[in-house]
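What follows is a short report on a single structure.
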Amino acid sequence: MEATAALQATSPAWDTETRVIQSEDGRGHATLASRDLASGEVLFREPPLAIVASAHDPPWLAQLRQELKVLSEACAWQYCVAVHCLSAQQLPQPAPLGLVPLPEEKQVKLQDLCGMESGDEDCVGPSELAAKTAEYLLQAAEMRSADGSLDEAWLCTASSASRSAASGSQNISNSGRGKRDCAAEWLANRLDDVAVRISRNGFQTMDMKSRPPLAADALFHRISFFNHCCASQNNASWTWNGPEGLLTVRTTREVAAGEELTISYIAKPWCDLARPARRRYLKQNFNFVCLCKACCQPAETRCTVSASNDAAEGDKGSIQTTNGKLAGMLLRWMRDGQDEIEEEEETASGAAEPQPNNVCPAIATKPESAGPRVPLTEEGRIDRVLERCAGEGLIASREDAGLALKAEESHVGKALIRLRRERR
């Protein structure tokens, strides 16, 4: 399946440099070279859909960020970016200090990016992170109002949308609630949807020309359709220019027409670890089991490729060249995991999962629909929680999973977050 119209319209060079397809190997979208490309050739430059530096947070958002980190250190940033990705209809009015609506053309591109997995939409309400973020947004909007209240037109629209959604899901629990509570729940659900897209497609940028250097979380469109490849076998890379506000993607070697273009989601030396270690790292940080060509190669082929990469990087001052024999031995140990160990670790972690749909870096993918969805039973939710725990190396019993689901009102994602916190 070819790219969406919004994706095709991203750049006038779209048809001459790259194209996006639906891959046939279960990894979702993939970006291919439309023609032969030279090493170092610039593929495209793109501005971010959103970029958020914590150093520039307005006071209310800085306080929110700290409270979100208490709930989840790993996920707090996603909601701090999400508040910058709300449409004119979603953003509370008057607009909170430091926020402007995301333009319509960027909203279309945001919806292109992969979101919730099939089955995650069955939750009974917004996450705790989203609920807290929504409440902060409403309070920040009320602070901007002369009479300390929300814009009545926005409030009516949001509360009506919440009641309509509840009616459609046969959840009438909010029928007697006030407009503000209904609007808060509706807004929290919107934030959860946006935050998932951000978590699976977010980048961390660093503006080295800023004084001091400025770190930020950013969301881009076109590069989010590049898949990951390990062991320095990716054939493209990206750089961020802070003053220009542009991300540049270029090839790192010659690429033939029709060849998939890939980047590395992880930097050295992690991308050069032995396969079990880097797969575990990717699973823990991006929530997918890597199926790139480097991870699917036989051990003999991986050794040959690693040696070739060492030779190619020798003139650039590789670890082995600059730091001598000890570093060379360490690098070889990192790369050359034994097949027996790999098989044991990969068997213990369960069957491989598909790579992200359109991510960079990203977390998991939203699978293509496979017909009518069957509602999950409580036992099915427990099985799903245990599968995800096994994939992340968390030890949990069926009783643990059941208690977590009960505490989180049968929400699989929130139950998993609870189990993570309990086992830290």
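Does any residue of segment 45-55 turn out to be under 30 Å from Arg420 (Cα atoms), among the small types (Gly, Ala, Ser) and open to solvent by 40 Å² or more (accessible area, probe 1.4 Å)?
Here is the first cut: in segment 45-55, the residues under 30 Å from Arg420 (Cα atoms) are 50-55.
Narrowing the set further to residues that are among the small types (Gly, Ala, Ser) leaves 50, 53-55.
Cutting the leftovers down to open to solvent by 40 Å² or more (accessible area, probe 1.4 Å) gives us 54-55.
Yes, some residue in segment 45-55 is under 30 Å from Arg420 (Cα atoms), among the small types (Gly, Ala, Ser) and open to solvent by 40 Å² or more (accessible area, probe 1.4 Å).
Quick check, is Arg250 over 21 Å from the mean Cα position of the chain (by Cα) and open to solvent by 50 Å² or more (accessible area, probe 1.4 Å)? Steps first, answer last, please.
Working: over 21 Å from the mean Cα position of the chain (by Cα): yes; open to solvent by 50 Å² or more (accessible area, probe 1.4 Å): yes.
For Arg250, the condition - over 21 Å from the mean Cα position of the chain (by Cα) and open to solvent by 50 Å² or more (accessible area, probe 1.4 Å) - is met.
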Every residue from segment 352-378 that is modelled with pLDDT of 80 or more and out of contact with any Gly (no Cβ under 9 Å at 6 or more places or on another chain): Thr377
Residue that is most open to solvent (accessible area, probe 1.4 Å) [pool: residues in segment 56-96 that are farther than 24 Å from Phe225 by Cα, part of a loop (DSSP other than H, G, I, E, B) and touching a Ser or Thr at 6+ places or on another chain (Cβ under 8 Å)]: Gln89
Filter pass, Ile263 being more than 29 Å from the chain's Cα centre (by Cα) and either modelled with pLDDT of 55 or more or more than 18 Å from Asn234 (Cα to Cα) (or both): no
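Might you check whether a residue that is open to solvent by 50 Å² or more (accessible area, probe 1.4 Å) and under 20 Å from Ile51 (Cβ atoms) occurs anywhere in segment 115-133? Steps first, answer last, please.
Looking only at segment 115-133, we keep the residues that are open to solvent by 50 Å² or more (accessible area, probe 1.4 Å), and these are 118, 121, 124, 128, 132.
Still in the list and also under 20 Å from Ile51 (Cβ atoms): none.
There is no residue in segment 115-133 that is open to solvent by 50 Å² or more (accessible area, probe 1.4 Å) and under 20 Å from Ile51 (Cβ atoms).
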Number of the exception - Ala30 against (1) modelled with pLDDT under 95; (2) open to solvent by 20 Å² or more (accessible area, probe 1.4 Å); (3) under 22 Å from Gly115 (Cα atoms): (2)
Positions within segment 187-208 being open to solvent by 30 Å² or more (accessible area, probe 1.4 Å) and touching a strand residue (DSSP E or B) at 6+ places or on another chain (Cβ under 8 Å), in sequence order: Gln204, Met206
Members of segment 397-418 found to be open to solvent by less than 30 Å² (accessible area, probe 1.4 Å) and under 25 Å from Arg279 (Cα atoms), listed by number: Ala401, Val412, Gly413, Lys414, Ala415, Leu416
Residue match in segment 98-110 (condition: more than 21 Å from the chain's Cα centre (by Cα), at pLDDT 90 or above, open to solvent by less than 40 Å² (accessible area, probe 1.4 Å) and closer than 30 Å to Trp240 by Cβ): yes
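The values are calculated or read from the model by the stated rules, or taken from the named source; none is laboratory data. Quick caveat, the model's predicted, so the values are computed rather than measured. Backbone-built Cβ (ideal geometry, glycine too); neighbour counts: all protein chains shown. Note: areas computed on protein heavy atoms with side chains; ligands, DNA, RNA excluded. Shrake-Rupley method; radii C 1.70, N 1.55, O 1.52, S 1.80 Å.
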